[in-house]
Amino acid sequence: MDRQRAKFGTTKRRRLTLHMPEPVYEALPYVYACLGIGLLYLLDSGVMAVMGFVLLVSAGLIVYMRNSARKRAYQARLRKKQRDWMDS
């Protein structure tokens, strides 16, 4: 058992990644927004209105974070291309 612990401590930690089909991943914020709008307008309960608002805010945050991450990745690719071009 001690040998396994020592060996575990020296190896790289593997990262668990969960994947879903890209069309589903891309559509999720819009599904959340539609559900939020539906909860806000179709149901008369105050709790449902709060849940609808939370879904709308969540959808907006997801779209914003994805856009920001894609913009940073694009800028990093441009900087790498510029460095590679300067080095050659």
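The numbers here are math on the coordinates, done by the rules we state, and not lab data. Note that this is a predicted model, so its numbers are computed, not measured. All Cβ positions, even for glycine, are placed from backbone atoms using ideal geometry, and neighbour counts span all protein chains on display.
Observations
- Distant-in-sequence amide H partners of L43 (H built 1.01 Å from N, under 5 Å): none
- Working note: Karplus 6.51/-1.76/1.60 with θ = phi - 60° gives segment 53-70 the couplings 5, 4, 5, 5, 5, 4, 4, x, 5, 4, 4, 4, 5, 5, 4, 5, 5, 5 Hz, where Gly and Pro are set to x.
- Relative contact order (%) - segment 22-87, alpha-carbon pairs under 8 angstrom, separation at least six: 30 percent
- Using the Cβ-Cβ distance between M51 and A76 with R0 = 41 Å, the FRET efficiency computed as 1/(1 + (r/R0)^6) comes to roughly 0.65.
- For the pair T17 and D87, the difference between a 0.36 nm per residue extended length and the Cα-Cα distance amounts to 21.7 nm.
- Modelled FRET efficiency - R0 35 Å, D44 with M65, Cβ distances, 0.05 increments: 0.60
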